[in-house]
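First up is the structure itself, then whatever we jot down about it.
Quick note: the coordinates plus some simple rules give every number you see, no bench work behind them. What you see is a predicted model; the values in this text were computed from it and never measured. As a convention, Cβ positions derive from the backbone with ideal geometry for all residues, glycine included, and neighbour counts pool all protein chains shown.
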Amino acid sequence: MPRLQDAFMTLTGHAPDGVWSAPGRVNLIGEHTDYNGGLALPIALPHRTRCAASPREDDLLRIHSLQDDSSVEVRIDDVAEGHPAGWTAYVAGVVWALRKDGNAVRGLDVVVDGQVPLGAGLSSSAALECAVAAAASDLFGLGLLDSSDGRRVLAAACQRAENDIAGAPTGGMDQAAAMHCTERHALRLDCLDGTTEQVPFDLTSHDVVLLVTDTRASHALADGQYGARRESCEQAAEILGVETLREVVGRPLDETLALLPDEVLRRRTRHVVTEIARVDEVVSSLREGDLAAVGRTFVASHESLRDDYEVSCTELDLVVDTAMAHGALGSRMTGGGFGGSAISLVPAADVDRVTAAIEDAFAAAHLTPPSSFPVTASAPAHRD
Ligand code: ADP
Ligand code: MG
C-alpha cells in the first residue's frame, strides 16, 4: 500500500482521499454461457487491484498505473469509443458510464496498482473497472456499494466501459463476480435475469485446494474466435426461434440439435446447453460436499470446451491432462480460452507434486514456464 500512496502523492502532491480495491475472479464452471443468458459460478480471487483516488473540482480524469509507466489525462465528456486508447479506457469508461446513467460525477485523480496477472483470464480488466467504480461511488456520494441493487448498477457501468469504450465485447460475468462474490462462497450467477446466489465454497475442511495455473499463453486468435463463437450462438438461437440458448435447456437435446443445419452449430449449441446444466450439477455437488463429483464435472466441462466449443489450446490441455495424471480430482480450462488459465481441484497433500509435474510437462514441451498458485474464495469490491 505505501507504494500506491507514494505514487499518488508524486502525481498530485497530496494524499488520496481513500483506497478502494476489487478482486480478479476465476470461474469454477459455466464457460461461454454468460452471453447465452446462462449460468456461471465464479469466485473472487485473493488477488486485487487497488485504486487510490481523490475527486477533482473540474472534469478531468488523471490516470496512472504502477503496472504501466504512461499517465493519461482526459475530460469525461471527451471519453468515447477508442478514446482514451489502451488500458486507461477501462478507467475513464467507468466514470463516463456512471455520468451517462445520470450520476453527478466529476473528475478524479486515480492511481492503480494491480496484483491480478494481466491478460491471464483472471479478469484484471474487471478488477480495474470495479475498483474505480467503487472509488467513484464513495467519493461522489452515490452509495452504490451499500446494496446488491447498487452493486448491480456499478457492475453494469463497468461492463459498458469495457464494451463501449475499451471495445471488448465481453459478457457481464467478470464485473458481477468482482461486485457480488463473497469470502468462502462461489457466486451462482444467472446471466438471464442477473440474479445471484451465494454457494458455500470452502475446501479447507476437505483438505483439497483449488489450484490456478496461468499458462502464460495468449494466442492471437482469441479476439476473433470469441466473436465467432458469439455469432454461432446467435445464429443457432435464431434458427431455434429463441432469444437465447438458455431457453432450450431442459428440452430433449437430440431433438433440438436435429433442428440445426450443420455440425458446427450443433456442437456449439451442445456445449452451451450441457455447460449450463453442469453449473447446477456443481452447485448440488458442492452443497453435498462431494468434491469427487465436482471434479468429474470439471473434466466434462473441459472436454466440451475442447471438442465441441473448440476454445482450448495445447497449453490448457497439457495442464488438465497432467493434473489428472497426478492425482487431481478434476481440472479444466477457465475463462475464454486460447490461453489464459486452468483450474484444478487437488488434494492438499498432492499440490506440490501436481505443480511440479505441470512445470516439467511444460519444460518438456518447450513451452513458457507456467505459474501455479492456490486460491481461496475472497471478498468483493470495497473500500480498503
Ligand atoms: P484479463 O481481464 O483476463 O486480465 P483483459 O484483456 O480483459 O484480460 O484485460 C487486460 C487488460 O486490462 C490489460 O492489457 C490492461 O489494458 C488492462 N489492465 C488491467 N489491470 C491493469 C493495471 N493494473 N494497470 C494497467 N492496465 C491494466
Ligand atoms: Mg478481462
Q) Most fluctuating residue of S301, S205, S125 in a GNM of the chain with Cα springs under 10 Å: which is it? A) S205
(Q) Normalised radius of gyration for the chain, please: alpha carbon Rg relative to 2.2 N^0.38 Å, two decimal places. (A) 0.98
**Q.** Footprinting exposure proxy for E288, E31 (fewest neighbouring C-beta atoms within 10 Å first)
**A.** E288, E31
Q. With charges only on Cβ, +1 for K and R and -1 for D and E, what is the dipole size of region 249-384 about its Cα centre, in debye, rounded to 20?
A. 320 debye
Q. Taking the C-alpha atoms of region 2-200, how large are the radius of gyration and the largest Cα-Cα span, Dmax, in Å?
A. 15.7, 47
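Can you tell me how much longer the chain between A85 and D254 gets when fully stretched, taken as 0.36 nm per residue apart minus their C-alpha distance, in nm with one decimal?
56.2 nm
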Q | Virtual spin-label span in nm between S218 and T314, 7 Å along Cα→Cβ | A | 2.0 nm
Q) R75 to A15: FRET efficiency via 1/(1 + (r/R0)^6), r the Cβ-Cβ distance, R0 30 Å, to the nearest 0.05? A) 0.75
Q) What is the calculated FRET efficiency for D59 to D149, with r their C-beta to C-beta distance and R₀ = 30 Å, to the nearest 0.05? A) 0.60
Q: Working from Cα positions, state the angle (0 to 90°, nearest 10) between the long axis of helix 291-303 and the longest principal axis of the chain.
A: 90 degrees
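Stretch R353-T274 to full length: gain in nm at 0.36 nm per residue minus the Cα-Cα span? Intermediate results must be reported in sequence, preceding the final value.
Numbers: separation 79, 0.36 × 79 = 28.44 nm, distance 3.21 nm.
Full-extension gain reported as 25.2 nm.
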Q) Put +1 on the Cβ of each Lys and Arg and -1 on the Cβ of each Asp and Glu in the chain; which of A155, G167, A228 then has its Cα farthest toward the positive end of the dipole? A) A155
Q. If one computes the Cα centroid of region 20-45 and of region 133-147, what distance in Å separates the two points?
A. 22 Å
Q: Could you work out how far apart the two model spin labels at D193 and S205 are, taking each label as a point 7 Å from the Cα in the direction of the beta carbon, and quote it in nm?
A: 3.0 nm
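What full-extension length gain, to one decimal in nm, is calculated for H382 and E247 as 0.36 nm per residue of separation minus the Cα-Cα distance? It would help to have the intermediate numbers written out before the result.
Values: separation 135, 0.36 × 135 = 48.60 nm, distance 3.51 nm.
The span from H382 to E247 would gain 45.1 nm if fully extended.
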Q | region 2-200: relative contact order as a whole-number percent, Cα under 8 Å and 6+ apart | A | 28 percent
Q: Any chance you could check the Cα centroid distance between region 340-384 and region 204-280 for me, in angstrom?
A: 25 Å
Q: Evaluate the distance, in nm, between pseudo-label points positioned 7 Å from the Cα of A168 and of E288 along their respective Cα→Cβ axes.
A: 3.7 nm
(Q) Let me see the P(r) profile for region 225-384: every Cα-Cα distance counted, bins of 10 Å, each bin given as a percent of all pairs. (A) 10, 33, 31, 20, 6, 0
